[in-house]
Amino acid sequence: MKRVYLKTFGCQMNEYDSERMLALLREEYVPCAQPEEADLILVNTCSVRKKAEEKVYSLVGRFKHLKSRRPEVVVGVCGCVAQQEGERLVKRLPHVDLVLGPRTVFRIREALQEIEAGRGPVVWVELDTDWSPPLPTPSENGRPVKAFVTIMQGCDNFCSYCVVPYVRGREVSRPPEEILREVECLVAQGVREITLLGQNVNSYGRKERGFPTFAELLRLISEIEGLWRLRFTTSHPKDLSEDLMRAFAELEKLCEHLHLPVQSGSSRILHLMNRKYTREEYLEKVRRLREMAPEVALTTDIIVGFPGETEEDFRQTLTLLEEVRYQEIFSFKYSDRPFARARDFPEKVPEEVKAARLEEVHRLQARITEEIYRSYIGRKEEILVEGRSERNPLLWTGRTRTNLVVNFSAPEGLDLKGALVHVLIKDTGKHSLRGEYVRTLKGP
Ligand code: 5AD
Ligand code: SF4
């Protein structure tokens with residue numbers, strides 16, 4: 001058997017793609033932990049922010065000396081940077097043999113055959129190509145209790161800061177039968193929790209004739225027996241429908257967590273971002289959602305220092321954070337991306353101002369997150385146990401339905417992996433809760 005080293009950057013869609021690539025290679029390659037040991041080196045890349053892209057170039061650059069020592073090693077770059085750079089990548093880094101975009105990654109075996117036949121380097125970055133993930137195959141060391149399922153690819157929204165529509169192409173949805181078959185297959189392998197993935201899952205099936213809506217798809221999936229929990233990400237606020245809000249209230253398996261990226265609290269900046277909603281419209285949707293499903297925990301993404309963002313615009317982001325009280329946020333300094341319109345916007349915000357604003361967002365959110373974490377103390381929470389805690393193997397670890405990590409103690413002799421249990425929350429950490437096992441509800 002040959003060896004493959006695969007490093008994944010970026011979002012959950014990349015994690016999903018990487019897992020499926022390894023499955024496709026399984027007959028010939030075993031995964032290894034160090035690039036020095038590998039016959040095939042693959043880097044699955046992210047270009048959503050400048051920093052992510054820089055990491056890719058520095059890592060792939062380091063493989064040059066490996067290749068000069070062992071020219072038979074195949075070096076491949078996949079995913080969004082591969083798509084963005086295309087031929088440029090092999091020009092800039094001549095030791096790269098293989099460039100596959102997000103729509104062509106599943107043709108990895110065919111690409112390797114081309115290289116073996118001496119027809120490399122292979123650069124496949126078509127966007128208007130058939131894209132269809134392979135079914136999951138059982139892995140040797142058993143399935144984790146949770147898994148991702150990509151239900152759509154690409155984005156049609158063209159937010160002015162974003163590279164995604166250019167590297168993942170236009171929105172395409174997978175047929176519902178395929179998605180259902182994939183979920184059933186994972187559940188048969190022992191998976192209990194599924195997270196549906198897409199850049200904008202709310203618009204699932206909108207372009208395809210006869211496809212269910214996203215809310216209908218959730219209903220279909222939640223009927224699969226043996227599946228205990230269902231999640232999804234990411235949603236665009238403009239497409240958050242009443243029907244989807246109702247799903248949170250009605251579908252027992254659908255977990256009470258919604259990632260709803262707001263990006264900015266200023267309607268003026270939201271307009272420049274081409275987000276197609278105002279601060280008021282966003283807040284109204286949050287209000288309505290909380291009315292229909294009060295338990296839903298919200299998380300979001302924030303960009304600080306978008307071109308033209310004034311001190312006043314930024315204050316509005318802070319007041320929005322206070323108003324919504326997200327459980328957690330992911331915040332980023334704006335960076336110019338290739339193809340994205342905002343690259344040409346004047347009034348770029350100086351780096352030190354962006355850094356100061358980011359710091360202020362962090363400080364405010366840390367307080368809110370801590371208050372929310374504290375409110376869990378004394379509560380009995382349903383946890384799906386993922387296994388032993390890596391930090392402290394005496395503890396078990398899993399997540400609440402609202403997606404918070406809980407580490408907890410349990411009587412010796414219980415094997416809880418894959419079980420649904422009640423845990424009494426006793427304390428909080430910075431990124432997790434601490435608790436004690438109460439009883440098993442289901443499984444393992
Ligand atoms: N600069 C900074 N952050 C960005 N994001 C996307 N593009 C940019 C950019 N050019 C952030 C958004 C998005 C998240 C995945 O990454 O907040 O929701
Ligand atoms: Fe990018 Fe906007 Fe599409 Fe999200 S919705 S992937 S931020 S263009």
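Beyond 40 Å, what share of the Cα-Cα pairs of the chain is found? Please give it as a whole percent. Before the final figure, lay out each step's value.
Values: 20513 of 98346 pairs.
Within the chain, distances greater than 40 Å cover 21 percent of Cα pairs.
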**Message:** Take Leu251 and Asn274, extend 7 Å from each Cα along the Cα→Cβ direction, and tell me the distance between the two endpoints in nm.
**Reply:** 3.0
**Message:** If R₀ is 35 angstrom, what is the calculated FRET efficiency for the pair Phe345 and Glu370, using the beta carbon separation as r and rounding to 0.05?
**Reply:** 0.45
**Request:** Counting only heavy atoms of the protein chains, get the accessible area per residue of the chain (1.4 Å probe) and round it to a whole Å² value.
**Result:** 45
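Can you give the calculated 222 nm mean residue ellipticity of the chain, where each DSSP H run of n ≥ 4 adds -39,500 (n - 2.57) and the sum is split over every residue, rounded to the nearest 500 deg cm²/dmol?
Numbers: 14 runs with 148 residues, N = 444.
After summing the helix terms and dividing by residue count, I get -10000 deg cm²/dmol.
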**Prompt:** Once both labels are modelled 7 Å past Cα along the beta-carbon direction, what's the Arg219-Glu184 spacing in nm?
**Reply:** 2.0
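Can you tell me which of 276-285, 408-417 comes out highest on packing, and rank the rest after it, using the mean Cβ neighbours within 10 Å?
Numbers: 276-285: 16.2, 408-417: 14.1.
Sorting 276-285, 408-417 by mean packing, highest first, produces 276-285, 408-417.
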**Length released on extending from Arg170 to Glu323, taking residue separation times 0.36 nm less the Cα-Cα span** = 51.7 nm
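Probe radius 1.4 Å, ligands and nucleic acids ignored: give me the carbon and sulfur share of the accessible area of the range 2-124 as a rounded percent. Show your work: numbers first, answer last.
Values: 2680 of 5510 Å².
So the carbon and sulfur contribution to the accessible surface is 49 percent.
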**Prompt:** In whole angstrom, how far apart do the alpha carbon centroids of the range 86-130 and the range 408-444 sit?
**Reply:** 46
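Can you pull the percent of the range 265-375's accessible area that's carbon plus sulfur, 1.4 Å probe, other chains left in place? The partial results should precede the final answer.
Details: 2930 of 5350 Å².
Answer for the range 265-375 is 55 percent, counting heavy atoms of protein chains only.
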**Prompt:** What order, most packed first, do the peptides 379-387, 27-35 have when packing is the mean number of other Cβ atoms within 10 Å of each residue?
**Reply:** 379-387, 27-35
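Show me 252-263, 93-104 ranked by packing, highest mean number of other Cβ atoms within 10 Å first.
On the way: 252-263: 20.6, 93-104: 22.4.
Per-residue Cβ counts within 10 Å, averaged per peptide and sorted highest first, yield 93-104, 252-263.
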**Heavy atoms of Phe148 accessible to a 1.4 Å probe, total area in Å² rounded to 10** = 50
**Orphan Cys of the chain, criterion: no other Cys C-beta under 4.7 Å** = Cys11, Cys32, Cys46, Cys78, Cys80, Cys155, Cys185, Cys255
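Based on the Cβ-Cβ distance from Lys91 to Tyr57, what FRET efficiency comes out when R0 is 22 Å, to the nearest 0.05?
On the way: r = 13 Å, r/R0 = 0.59.
Step by step, r from the Cβ atoms, then E = 0.95.
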**Prompt:** Once both labels are modelled 7 Å past Cα along the beta-carbon direction, what's the Arg315-Lys2 spacing in nm?
**Reply:** 6.1
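Filter the GluC sites (Glu not before Pro) in the range 112-221 to those in DSSP coil with at most 16 other Cβ atoms within 10 Å of their Cβ, and list the result. Provide the component values of the computation, followed by the final result.
On the way: sites: Glu114, Glu116, Glu126, Glu140, Glu171, Glu177, Glu178, Glu182, Glu184, Glu193, Glu208, Glu216; in loops: Glu126, Glu140, Glu171, Glu208.
Counting only loop positions with at most 16 other Cβ atoms within 10 Å, the GluC sites (Glu not before Pro) in the range 112-221 are Glu126, Glu140, Glu208.
The values are calculated or read from the model by the stated rules, or taken from the named source; none is laboratory data. Predicted model only: the values in this text are computed from it and were never measured. All Cβ positions, glycine included, derive from the backbone under ideal geometry; neighbour counts span all protein chains shown. Note: accessible area is taken over every heavy atom of the protein model, side chains too, but ligands, DNA and RNA are not part of it. Shrake-Rupley method; radii C 1.70, N 1.55, O 1.52, S 1.80 Å.
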